[in-house]
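Let me begin by presenting the structure, written as structure tokens, before commenting on it.
The values are calculated or read from the model by the stated rules, or taken from the named source; none is laboratory data. As the structure is a prediction and not an experimental result, all values here were calculated from the model. Don't worry about glycine lacking a Cβ; one is built from the backbone with ideal geometry, like all the others, and counts go over all protein chains shown. Note: accessible area is taken over every heavy atom of the protein model, side chains too, but ligands, DNA and RNA are not part of it. Shrake-Rupley method; radii C 1.70, N 1.55, O 1.52, S 1.80 Å.
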Amino acid sequence: MTWGIVPAAGVGSRIQPLAFSKELLPVGSRMVDGSERPRAVSEYLVERMLRGGADRLCFVISPGKSDIVEYFGGAVGGARICYVVQPRPAGLCDALFRALPFVGPADEVLVGLPDTVWFPADGYRALPGGGLSFLCFPVERPELFDAVVSGPDGVVREVQVKAARPSTGWVWGGFKLTGAVLAELHALFLERGEADAYVGTLVNAWLEQGGAARAVHAGRAYVDVGTLDGYRQALRLLREGPQPEPGEAGEAPGMG
């Protein structure tokens, strides 16, 4: 079984005021029965998780986000959906671990952020199973994200969380891990007094204790839609597509 965990409990303060959850912000469009309809930004992550093999989705929501339940319902694209509540904002780590009771040790888990748009749309397929691996993207301002430092072999050495001068321009935009690794991280999270708001700081502590993770540099373009500028960038990215790599033939991939 493969789970997709969608942390959707944030308040979205950077792009307020909105009359709805930020994960439902219209970004781009899709065709429904021959008619063009607005597309919620979180649909891009859901689509990518489905392409990555997810057959179960768990949305982590805050108590006031019933509009997400109404929007997605009980299933999408053949994947069944469950919802868990994060009672108060307590960081991404706390949100992810809310889904742990549903996840078995042998299950694969895909994690991403529902207010982002990235390419390629099948990026999760590049991540190996059986451990922890990060899908990494090149960005112009890595100091705003979690930069993943790895060696030539792809082994992760450190995650630099919003560092002023990160030593790499590659940041994680999604990751894959087993239910067993998720449980290990949760145990460490509790041992550290539930103080880790960011995944990167917790993963660093886990690496220091002998854990291992891989960085996969398969990302092409990554946009955080949580700001007005990011929203404009996302619209431009969807309109123009990611820039092709040097020497690459053909058109950049579309949404499909």
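Some values worked out for this structure:
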read-out: Amide hydrogen neighbours beyond the local backbone of Val27, cut-off 5 Å, H modeled; value: Arg39, Ala40, Val41
read-out: Options Gly151, Leu235, Pro105, ranked by Cα towards positive dipole end of the chain, top entry (Cβ charges); value: Leu235
read-out: Length-normalised contact order of segment 2-240 in % [C-alpha pairs under 8 Å, at least 6 apart]; value: 23 percent
read-out: Highest-MSF residue in the chain out of Gly131, Gly91, Gly34 [GNM, Cα springs under 10 Å]; value: Gly34
read-out: Share of carbon and sulfur in the accessible heavy-atom surface of the chain [1.4 Å probe, %]; value: 51 percent
read-out: Length gained when the stretch Phe20-Arg232 is fully extended (0.36 nm per residue, less Cα-Cα span); value: 74.4 nm
read-out: Student exercise, segment 1-150 dipole from Lys, Arg, Asp, Glu Cβ charges, in Debye to nearest 20; value: 140 debye
read-out: Solvent-accessible surface ranking, highest first, for Asp33, Asp229, Asp107 at 1.4 angstrom; value: Asp33, Asp229, Asp107
read-out: Within-15-Å neighbourhood charge of Gly73 [Cβ basis; K, R +1; D, E -1]; value: -1
read-out: Cα-projected label distance for Met1 with Asp122, points at 7 Å along beta-carbon direction, nm; value: 2.7 nm
read-out: Förster radius 41 Å - calculated FRET efficiency between Phe102 and Arg239, Cβ distance, rounded to 0.05; value: 0.65
read-out: Considering only the chain, percent of DSSP beta bridges that pair antiparallel, nearest 5; value: 60 percent
read-out: Total formal charge among the other residues, if their Cβ is under 15 angstrom from that of Gly53, Lys/Arg +1 and Asp/Glu -1; value: +1
read-out: Highest-fluctuation residue, Ala164, Ala126, Ala183 considered, GNM on the chain with Cα pairs under 10 Å; value: Ala164
read-out: Gain in span if fully extended, Glu191 to His217, counting 0.36 nm per residue against the direct Cα distance; value: 6.2 nm
read-out: Restricting segment 24-104 to chymotrypsin sites (Phe, Trp or Tyr not before Pro) in coil, as DSSP defines it, with at most 14 other Cβ within 10 Å; value: none
read-out: Distribution of pairwise C-alpha distances over the chain, 10 Å bins, in %; value: 7, 31, 40, 19, 3, 0
read-out: Residues of the chain: accessible area per residue with a 1.4 Å probe, Å²; value: 46 Å²
read-out: Within segment 186-218, backbone nitrogen closer than 20 Å to the virtual label 7 Å beyond the Cα of Ala164 toward Cβ; value: 201
